[in-house]
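Note sheet for the following structure.
Read-outs throughout are calculated quantities, based only on the coordinates presented, and are distinct from any laboratory measurement. Here the structure is a predicted model, which is why all the values come from computation and not from measurement. Because the Cβ atoms are built from the backbone with ideal geometry, glycine has one as well, and the counts that use them run over all protein chains shown.
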Amino acid sequence: MPKRSFSDVEFKEGSNSGSCEMNEVMSSTITKDEEYDIAIVGGGMVGLALACRLSSMPLTKELSVAIIDSNPALKSRVHFKKDEVPHPRVSTLTPATISFFKEVGAWEYIEQHRHAYFDQMQVWDYSGLGYTRYHARDVGKEYLGCVVENMVLCDALLSCLQVLFFSYPVQPMGDSSRVASSGNTIEPTHNGSSVKLCLSNGKNLYAKLVVGADGAKSHVREMAGLKTTGWNYPQNAVICTVEHSVENHCAWQRFLPSGPIALLPIGDKFSNIVWTMTPEESSTHKSMTRDAFVEAVNYALDYGYSSHPQSSFLDEFVHRISSLSGYGTASMAEHFQVPLKVTDLVSERMTFPLSLRHALEYASKRVVLVGDAAHVVHPLAGQGVNLGFGDAAALSEVIDEGLRVGADIGELSLLKRYERERQAANLTMMAVLDGFQKAYLMDFAPLNFLRAVAFHGAQFITPLKRNIVSYAMGEQKWPLFT
Amino acid sequence: MAGASLRVCQYLFRTGARLRLCGIYSGRLPLGYAVSSIFLPLTHLRYKSNSAITSAPIQNSKEVTNARVTVGDGGVSNVPHLRSSSNDAEVAKFAAIAETWWDFDGPFKPLHLMNPTRVSFIRSALCRHFRKDPFSIRPFEGLKIIDVGCGGGILSESLARMGACVTGIDVVDKNINIAQIHAGLDPLTSSIEYICATAEQLVTANRQFDAVLALEVIEHVADPSDFCESLSALVVPGGATVISTVNRSMRAYATAIVAAEYLLNWIPKGTHQWSKFLTPEELVLILQRASISVEEMAGFVYQPLTGQWSLSDDTSVNFIAFGVKGTTATN
């Protein structure tokens with residue numbers, strides 16, 4: 001009989017009257033220590049996505065899962081207010097992630113809130129020597145991705161969990177203090193068949209498997225003794241929301257000497273800016289006036305540093321050849337477009353330091369890491385959270401396979417299978433992103449030229465462009481070699 | 001060149017040709033190919049004769065029931081034709097490495113790696129036979145299953161987690177102790193009943209089960225046909241039997257003995273005797289004589305690149321057979 005525990009009486013909020021009586025009866029028999037199959041530490045996007053995915057598969061939905069997070073909003077579902085102005089923290093979801101959300105049943109909630117599909121992308125740099133335009137039609141798709149605010153994502157996942165709650169004992173439990181601070185410990189039990197989690201509110205929890213979804217400074221990772229490698233980038237990211245006079249349908253990214261600036265559509269004539277720059281510059285930009293900042297953004301995107309890249313005679317030639325042979329792509333014909341002018345800054349500016357971090361092992365006995373706890377990447381290609389969702393999907397598949405053969409879900413060999421699959425994919429993406437980040441840091445004429453060649457190559461060599469687009473969209477597992 | 005000749009050999013052996021192919025082997029193939037082809041006619045005879053003939057000097061069929069009886073039947077066998085299937089030499093082999101059962105990287109690593117594949121076959125075969133829901137987390141709820149030769153309990157624990165009421169038996173006392181200790185760690189598996197006994201002793205105790213599993217056991221018993229009779233007596237009429245073993249083929253010699261024992265050191269040397277392997281046809285015949293009709297058979301294939309086993313139609317090395325006991329019970 002699957003274990004159902006309604007430990008916190010105040011959590012009855014989501015249940016209907018039918019199961020209320022059951023709550024009353026059950027809560028009197030619940031002891032102070034509770035046992036779960038899976039404890040997800042961290043109720044962020046990836047943690048919630050994992051819970052949703054587990055609850056949507058026929059075998060895993062009979063497991064008992066607890067979500068541990070210090071955010072009280074998780075426990076008492078405050079209804080999400082649609083803000084006038086988009087919050088600066090957004091994520092770009094690849095089509096692979098979008099289909100994951102559709103499988104889980106959370107996408108319909110996202111479509112009720114603000115979201116922005118985009119089907120075009122333009123990438124160029126400060127030297128004005130080359131540009132690349134990508135279009136979803138290059139690979140026969142409708143859109144390259146969708147930009148959604150993080151709060152909308154979390155809310156959609158929570159709504160999805162609430163709906164599934166009636167048949168699925170998920171327990172979001174708020175802590176009285178943040179998970180990151182001391183007071184929470186994880187220790188293996190004396191018989192080795194489960195892990196004891198001592199929460200900071202005095203509760204003890206036993207779980208067969210602990211999932212660390214608690215972000216880059218993961219406490220679970222630290223307590224499990226899993227080492228990481230990586231380095232800090234000499235860059236900070238400044239993010240904010242800006243407004244245009246018309247709708248934006250394209251994702252723009254320009255590589256500048258100190259880092260790329262990206263302009264992503266978020267819907268309703270708003271766009272999100274992710275601007276990577278040195279720490280000194282980031283503090284300057286954060287403190288300057290709104291108008292000065294808008295001016296700086298337009299300078300960076302449009303007329304600063306160099307003139308607009310033009311297609312040269314050679315490009316026209318290549319384009320004509322390939323369109324005659326029928327092997328070209330739609331975006332080859334498009335000339336460089338000037339990015340949409342930013343008219344106003346509408347949100348606060350937030351800054352974050354950037355780094356690359358990777359856990360050498362994702363799994364140890366009864367503990368596994370997903371999302372940012374396992375890997376942190378540069379935001380230049382909008383891949384970070386998509387890797388996390390990929391982890392959640394892979395882990396739930398592995399747990400499902402394990403249940404199918406009667407395995408203990410905390411068994412190391414099962415978790416290592418997840419690690420093998422995800423480490424390979426994550427490391428490849430990280431290598432690609434880190435390569436880009438390093439390639440664009442140096443202002444050196446021959447390197448600039450090489451980068452320009454790369455831009456032209458990506459723009460006009462169709463197989464390369466298709467590979468790049470498919471890989472970035474998550475449709476293709478490995479870059480280039482499929 | 002070696003690859004081409006290998007494929008030819010495999011094709012010929014699969015079609016049942018009994019040719020001496022020593023001449024066309026290149027020097028790169030395992031030596032066993034040439035050597036073991038000599039054994040073939042001799043061992044082929046063994047299973048057609050009665051069980052008194054033994055082929056190798058170190059193995060002796062014992063007629064006496066095992067002295068270490070923990071099944072309360074008074075020690076007297078009232079079914080005299082079921083001789084004990086245990087074998088001192090085999091018992092000693094397993095007793096020596098008993099502590100390493102649950103070490104995932106130890107001598108039993110191949111069994112741990114193979115377990116998920118075996119269990120998925122068992123799950124699909126038993127769910128279909130007993131009409132259980134394959135998408136349930138505990139499909140075997142209400143089924144009584146016995147794992148003959150359970151060893152350290154690798155298979156028994158998987159079955160218990162799927163809801164079955166499991167009894168595990170083994171002749172090596174150490175194995176039963178280890179299995180019991182390990183099963184006690186997890187509340188889901190602590191209900192498994194472990195007994196140190198042979199199948200014959202349980203037959204004399206008149207135990208019956210819905211499903212009898214004997215995986216990787218029959219190649220270690222003294223007499224396979226007597227062992228199958230015991231297994232059949234343990235099953236209720238209309239119940240299921242699953243037996244897995246290694247095929248007595250050239251490829252199995254090269255893979256399961258030469259490669260696994262000598263080259264890769266996956267399992268201790270001497271674990272398997274090629275002459276004791278059964279071909280699928282022989283197993284089907286033996287089971288038929290024990291009134292079990294084999295309904296499904298599959299092979300296991302190891303993928304060296306991914307390090308995983310998978311089910312396939314290729315029964316030339318490891319294979320597993322699912323049979324159903326006839327409902328007109330004869331004994």
Two-site label geometry, A:Ser325 and A:Lys102: point separation in nm, points 7 Å out along Cα→Cβ: 3.4
Paramagnetic reach from A:Asn150 (point 7 Å along Cα→Cβ, amide N under 20 Å) across segment A:349-363: A:349-359
Spacing of the two label points (7 Å from each Cα toward its C-beta) at A:Lys141 and A:Lys477, in nm: 1.7
Average other protein chain Cβ within 10 Å of Cβ, residues A:395-408: 5
Packing-based exposure ordering (other Cβ within 10 Å, fewest first) of B:Asp105, B:Asp170: B:Asp105, B:Asp170
Around B:Ala259: net Lys/Arg minus Asp/Glu count, Cβ-Cβ under 13 Å: +1
Convex hull of Cα atoms in segment B:257-331, direction-averaged projection (nm²): 6.4
Ranking of A:Tyr36, A:Tyr143, A:Tyr233 by count of other Cβ atoms within 10 Å, fewest first: A:Tyr143, A:Tyr233, A:Tyr36
B:Gln308 long-range amide H proximity, modeled H, under 5 Å: B:Gln303
Rounded Å value of the spacing that divides the Cα centres of segment B:123-145 and segment A:100-152: 45
A:Asp315, A:Asp155 arranged by Cβ crowding within 10 Å, fewest neighbours leading: A:Asp315, A:Asp155
Residue-wise HN-Hα coupling along segment B:261-269, computed from phi with Karplus coefficients 6.51, -1.76, 1.60 (Hz; x: Gly, Pro): 8, 9, 8, 9, 6, 6, 10, x, 4
Alpha carbon centroid spacing (whole Å) that separates segment B:208-276 from segment B:184-207: 20
Part-to-part distance (alpha-carbon centres) for segment A:433-463 and segment A:204-275, which is given in Å: 23
Estimated distance in nm for a label pair at A:Leu412 and A:Ser287, the labels positioned 7 Å out from Cα along Cα-to-Cβ: 5.2
